[in-house]
Structure formats: C-alpha cells, structure tokens
C-alpha cells in the first residue's frame, strides 16, 4: 500500500541539505520515493497526508532503556546508588506482577512514541514475571524495538536463567513481529563468568546481538581491576564477547586500550548522558569514542534515573556536555549528534536500512509542526532548532515501518488514556 | 479584586509539604489566603478558577537573559566565540531596528510566559535603538522583570553612554510599571574603568541593583589577572561595585577568595548552565557557592547560546551537572534547585515578598495539568516530576501579580500569532 506525506521540509540526515517542499511516498514498510513535491505522484497513493509547513526527520533511536521501570518514575531521587536500590527500587520491583509490568511497558512505549522515538533497545528484569505474556502484550503496539530478558546471577541458578533467556529469545526471534530481541546479561559484575559465557553461546546459537551494561562507574572499573586484573571491556573480550554484534550501555570509564578494542571489534556504545549525570557517574567522553571510530548511539536509560524518555532532551544534553567538558563550542556539532540519535542507533541495534530517509530504507520518520511554536522561531535555521530548541513534546506525527502510529499527537495504536489510568491503579498496589 | 484558584495541589516552596486539594485566594497583586480548600471562601471572589487536578508552584525566575536577541535563535551554533560574534551575531545586530527589537523582545516574553517564567532579568544592547520606545512597547505585556540598558565602551564615548543609561534607568524607575530596571555594564573587560565607575554612581544615585557578566571563561580570568593583577570579582570590588545589590551572570571561573568575597558582599550569581556548556565555558560549581552561602539563581542567557528560554530545562540541567561533576546523586537535591529557580531568583533581582507562595507574598504562580501527560505519571512523586521530568511546554496557566496572563496555554495579554508572524517578517530583513 502506498502513502504520501507531502509539502513538508525533510531532514533526510543522508545529506545536510534540507529538501524544501518535499514529499515521501511509502510502499508498505519502505520509502519508495523521497524528494521534491511532485503533484502527480499523489494519484496512485491510497492514503495522502498534507504535511504542509511541517519538518520531517528520521525517527529517534533510544538505544538503551528499561521499559518495565516506567511505573517507578520519581520514587527515589538524589540518593546514593546503594540505598536507592535496596530501599526504593528493589523492594518495589519485588512486588511487580506481570499485568503491572505490561502496563508499565506500554506506558513507556506511549511516552517514546509521543516524543519521537521509533526504535528502542530494552532490557527488562524478569524476576517473577511471565516473560512470554509480557512479550505478547507489547509486540503489537506499532512500536519497533528489541525486548530482552536480563540475565543476572541469582537464586534461580545460572543454568535455569540461561535456559529461560534462551527460550524467550528463540520464541521472539521465530515470531518475526516488530519486536526483536538481544541476549542481555546485566553486567560483568552481576553475572558469573559461567552466565556471561552462556550469554555468548545463546547469542551465537540464535545469531543475536549482545546488550550489556559496561564501565558505568569508576567503582565498577576499580572492582574489576581488582577482581579480574583487567578492565570490564577487556574482561568481556576474554569471554569471547565480541564475536556477535555487541551494544555496551554507558562506557563512562574507559582506558585508551578499551577504546581501541571497541573500535577494532565494532562494538557500539549506548550513551546515556542524563542518567550518568543523575546517578553521579560522570560524563562519557563520546568525542574521544567518535574520533576513534567507535559507533556511539544515544539513550535515555529508564525513567528511574532520568526521569523521562525524551530523546530530544537526551541528544541536546549529549551535545552540550561534550562542548562543556572539552571547553569548545565546536565539539559535537548538530549534524553529528542528530546522526548519533538516529543512524548510529539503528546500526547499534542491528537494524539495516534504518535511520536515514532515503529510497529503499525503512519508513520510520516523525514530523514537527513549528508554525505555532514560539520556541522554534524564526522558522529558518531549522536543523539547529531540532537539536538545540525542540522537545519531544513538539512531535506531531510518527510513522513506524510505514504505519502512521501518531497523527497530530493522537496515538492510533494504543489507548493512552487507559494506560495512564491503569498505571496509576497499579502504582497504588505497590 | 479577589480571585480564587482552587482544588489544586500546591507546592508553596515555603515548606516541602504539598497542600493537597488546596486553594489560593488573591487580592489585587497579593496572596490573601493559601491553604486547604474551603468552599465558603469562594463566595466573595469575583473570579474563580477551578484548577482541579492541577499542580501549582511559584513562577520561575529567569535571572539573566537578553530578550532582544530572540530573533537570532540558531543563526550560529557549534562555532568558536570570536567568529560567532564577528561573523554572525554582530553583523546581524547592526541591522536591528527599534521595531525589530520590540518584536524580538515580545517574542521572548511570549516564550517565557508559555514556559512558566513570571519574572526575568534582562540586559539589552541599545546600539542604534530607541530605548525609550522599546521600554514603552514591552512595559504592558503583563510580564514582570528588569529591562536594562547595557553599558559598554564604544565609539559613542563613555560619558554619552553613561548619560543614556542614566536617563532610561531614571525614566523606568519613575514609571513604576511591572518592568523595573538595573544598571548593567556589560562586563569588566568590555567597559573602561571610568564606565564601570559611572555605572556604580548611577546605581547609587537611583538606588538600583547592578547586573554584569563576570568570570564567564578561563580566558576572561587570565586576561584580567594579566591586565589588572587581580580577578574580575576582586577588580570590581576595587571599583566599589558591591555597595549596591549586585547580580553577576556566570561566575564559572572563581577562586576561593572570590567566593568568600561574594558571600561577604551578598552578591548573587545568575547561573546559566546550558549557555556555559554550549559556548564551551565549562560548569560553574554552584554547589561550592551554595555551601559558602552565596545566593545562586538560575538563568537561560539568550536563545543565541541556549537555544530556548525554558527554565524547567535549565534547572534540571543545573541539578544534573552538579551530580555529574561532583560524582554523587546527592548533590543539589530537587527542593534546593526548585528554590534556586524561584526564591533565589527573586532575591537576586531585589523583588521582595516574591518566589514562594504564602500569604502577603506576590501572586506569581503557574499551574501544570499532569493528568493527560504520560511523562508525568504516576501522579505521585510530583515534586520530583517538576524538576526531573517536566518541561515548560507542560505549563497550563500563569498568574503574574494577581493577573491571569495565560489560561490553558492561551496568552491573554499578548497576540502570540501576530508576534510569530512579525518575527519571521523581520528575520527576512536581516
């Protein structure tokens, strides 16, 4: 089926030049035409959307998030990591039911859709939850992404955990919905060596990417040096971690050897600037990673350490932090950052033909209507406004895999009002 | 005239406790009652606003901004200071007309009102502009703030500049509108010693606060040490700068002696975290200033280096940066930051009885309706959401000096659509 989105200004991110008064024709999940407005092309389109005056750009890619945690927004802020986890997060997570987790995940998907994310990369904590049911409930939301069972060593025993992770990953992979999966051991410090090795085996067997938290804090680095006499990045290399495509969340504390290894192995970093600040971890030097050739993507982490899923804020913060820490406004210019939050994210997650707008690529894009927004004036300098002035709340429409999932801020695939009601209902059960 | 705003949850910031199902009665410009909802109090109110479900907090105070520059949003990003000023900002500013400046200033006031600011502290560059006409045009917008003529040494000669600054300040002071003024020499490095001394004289004569950029960059510190053999903060002390209430914008680079002097003299710092990052200046250590007893307020600077005037983003960034740079989530907790962006701002600007919600204080407050906003769920933990999840775009209503200036995001005192039209018209003349 062909759809036309037309009379809009298009930021393809395939080139810096903007297509003024442009047009995108989608055919099923792909872009069939992108270029100047050509009236006659509307004739063979079944659906037509006059997006006059709107700005269109690739959908944003949130490369590291924990959607099940959306119900925990604001339950503990300004606290040190240990009391935050032991007094706030873990006791509440222990009360999670599968139905609560489904509502919380849907709330996160609503929040991502409404703020311009079209692809996400999740890790979720499965303790006590029916992970198959959770997957079934979120696979048809219209959102695209990776849902992954988080492996970490606990009372269940590593073998049982690896089996559960294997079975759900195999199920999701066979299902071929818009939701895919990764193999996601929590971190080098929370998994036994055996569990890390099992993760690599599952990833190889099912040909899936690996997704893991690595080098988030100085403490993690120091503990690893003491215990394994090497850095977290190099410890994982010893466990054959790099034989599958791999996404490392954080990478705040890295040695030069670590950076060289990441580049050599083609590992991606999911950079979570706001979470890293909020938890007091510091600022990852993504300028160094970028210069070294490492693929850097942008992410929000969960709302428990952010506290929202707005990728516009995230990429703005990422760009600003590099300028501030490197003490030059030339660090991390707008176009580089917009690519990190789109194309680099899609690359990191293993989604081909995604993240820029060109013919043959996936039809994942969003629109912003700047005309009535005082903070996006003057209307010139639009690419600057997208990075430095806009917010997720400015997003008007969202198209994922050729499907219109949001039109003028109304979601078409999810009942937002009901999800808000349910989330508050379940919060009271905690 | 009495007005009632009721059935709302109130964050007074006079105490951490929230007033649930509360009520504010205003009488003229002041708060006559604040507390639990009491139905019978509605009877003698001429206007009543049912704010059921809304959150109410003091209006935000933007303690350093350049409203005339709003038309320059996005004209130059990711550039070093010198080429940015000489190739982009100054050539465009040279083309400013008074009518353009009026539209640009009104656009800034619209943007501030729509994002929850109820009090601002401006500096504007008057070259070639009719400053009296500019003041007349913005004094009746319903917004409260300081408009100040920026003194800096140029071809006009210091005496002529000081006279202009004196005359406009005297005029604004006599006029007693919602717009007040300060005496605002640009910076220690752009004003001659004579002009700095003249500024102090004018401030003393008219009993006005002083507002100046100080210690923004390492370069400024080093140049000052070389030229004056002392720091910018101590150089200004030698010129009797601290005899009037004084607001220093920036204060990124300060010695321990500077901090002690600021505390001793009661000088306020207007902290501009996003502008300081974006221009590569670094991160001001406001935790150190706060601990030392210095009054720290929050500010956006102009849209040319931000690129918006959203004080919610600004205070969130300010809090996050302290956690990230001090490497602890306990740095700058939510309640402290909310007070910096409200009460401390009002204190810095010399507005008494402003910045917290209590009886006898000025009726400057805003509301947010969280009920349909997915990023403000669950509805509990609201004070965390105000700092860590909300945005200026979430603000629903704004009351300034007892006047409702925005109702459900519609401005009542300014024609937003016309201002957007005019701003784009004038942008094309540049």
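Given the criteria touching a helix residue (DSSP H, G or I) at 6+ places or on another chain (Cβ under 6 Å), in a helix (DSSP H, G or I) and assigned by TED's automatic domain parsing to the domain that holds residue B:342, does residue B:153 qualify? Considered against the rule, which asks whether it is touching a helix residue (DSSP H, G or I) at 6+ places or on another chain (Cβ under 6 Å), in a helix (DSSP H, G or I) and assigned by TED's automatic domain parsing to the domain that holds residue B:342, residue B:153 comes out as no. Applying the criterion of being touching a strand residue (DSSP E or B) at 6+ places or on another chain (Cβ under 8 Å) and at pLDDT 95 or above to the residues of segment A:151-163, the residue that is surrounded by the most Cβ atoms within 10 Å (Cβ to Cβ) is A:151. Within segment B:239-290, the set of residues being in contact with a strand residue (DSSP E or B) (Cβ under 8 Å, 6 or more places away or on another chain) and farther than 28 Å from residue B:74 by Cβ comprises B:241, B:244, B:245, B:246, B:262, B:265, B:266, B:267, B:268, B:289, B:290. Looking across segment A:28-57, the residues that are more than 25 Å from residue A:339 (Cβ to Cβ) and in a strand (DSSP E or B) come down to A:47, A:48, A:49, A:50.
Of A:343, A:357, which residue is away from chain B (no Cβ under 14 Å), buried (at least 23 other Cβ atoms within 10 Å of the Cβ) and closer than 11 Å to residue A:58 by Cα? Going through A:343, A:357 in turn, just one is away from chain B (no Cβ under 14 Å), buried (at least 23 other Cβ atoms within 10 Å of the Cβ) and closer than 11 Å to residue A:58 by Cα: A:357. Among the residues of segment A:26-39, are any crowded, with 20+ Cβ neighbours inside 10 Å and either in contact with a helix residue (DSSP H, G or I) (Cβ under 9 Å, 6 or more places away or on another chain) or within 30 Å of residue A:131 (Cβ to Cβ) (or both)? No, there is no match, as no residue in segment A:26-39 is crowded, with 20+ Cβ neighbours inside 10 Å and either in contact with a helix residue (DSSP H, G or I) (Cβ under 9 Å, 6 or more places away or on another chain) or within 30 Å of residue A:131 (Cβ to Cβ) (or both). Take residue B:401 and tell me if it is closer than 25 Å to residue B:102 by Cα and away from chain A (no Cβ under 14 Å). For residue B:401, the condition - closer than 25 Å to residue B:102 by Cα and away from chain A (no Cβ under 14 Å) - is met.
Among the residues of segment A:167-214, those identified as under 26 Å from residue A:141 (Cα atoms), part of a loop (DSSP other than H, G, I, E, B) and without any contact (Cβ under 8 Å) to a residue 60 or more places away in the chain are A:176, A:177, A:181, A:207, A:208.
The set of residues from segment A:103-122 being under 18 Å from the mean Cα position of the chain (by Cα) and either at positive phi or assigned to a helix (DSSP H, G or I) (or both) comprises A:104, A:105, A:106, A:107, A:108, A:109, A:110, A:111, A:112, A:113, A:114, A:116.
Considering each of B:430, B:320 in turn, give the residue that is more than 24 Å from residue B:27 (Cβ to Cβ), within 10 Å of chain A (Cβ to nearest Cβ), surrounded by fewer than 21 Cβ atoms within 10 Å (Cβ to Cβ) and touching a helix residue (DSSP H, G or I) at 6+ places or on another chain (Cβ under 7 Å).
B:430
Selection over segment B:58-102 of residues that are assigned to a helix (DSSP H, G or I) and surrounded by fewer than 24 Cβ atoms within 10 Å (Cβ to Cβ) gives a count of 17.
Taking the stated definitions as given, is residue A:386 out of contact with any helix residue (DSSP H, G or I) (no Cβ under 6 Å at 6 or more places or on another chain) and more than 14 Å from every other protein chain (Cβ to nearest Cβ)? Taking the combined requirement at face value, the residue does not satisfy it.
Considering B:331, B:348, the condition of being on the phi < 0 side of the Ramachandran plot, at the interface with chain A (Cβ under 8 Å from one of its Cβ atoms) and touching a residue at least 40 places away in the same chain (Cβ under 8 Å) is satisfied by B:331 alone. Against the numbered list (1) without any contact (Cβ under 8 Å) to a residue 40 or more places away in the chain; (2) surrounded by fewer than 24 Cβ atoms within 10 Å (Cβ to Cβ), residue B:139 comes up short only at (1). Looking at this structure, is residue B:117 surrounded by 17 or more Cβ atoms within 10 Å (Cβ to Cβ) and within 14 Å of another protein chain (Cβ to nearest Cβ)? Answer is yes for this residue. Scan segment B:375-400 residue by residue and report those that are in a helix (DSSP H, G or I) and either touching a residue at least 60 places away in the same chain (Cβ under 8 Å) or surrounded by fewer than 24 Cβ atoms within 10 Å (Cβ to Cβ) (or both). If the condition is that a residue be in a helix (DSSP H, G or I) and either touching a residue at least 60 places away in the same chain (Cβ under 8 Å) or surrounded by fewer than 24 Cβ atoms within 10 Å (Cβ to Cβ) (or both), then B:382, B:383, B:384, B:386, B:387, B:388, B:392, B:393, B:394 are the ones that fit.
Right, residue B:407: facing another protein chain (nearest Cβ under 8 Å) and either at pLDDT 95 or above or within 27 Å of residue B:92 (Cβ to Cβ) (or both) or not?
Criteria not met by residue B:407.
Among the residues of segment A:401-425, none is identified as in a strand (DSSP E or B) and farther than 16 Å from residue A:143 by Cα.
The values are calculated or read from the model by the stated rules, or taken from the named source; none is laboratory data. No experiment lies behind these values; they were computed from the predicted model shown. Using ideal geometry, Cβ is built from the backbone for each residue, glycine included, and neighbour counts are taken over all protein chains shown.
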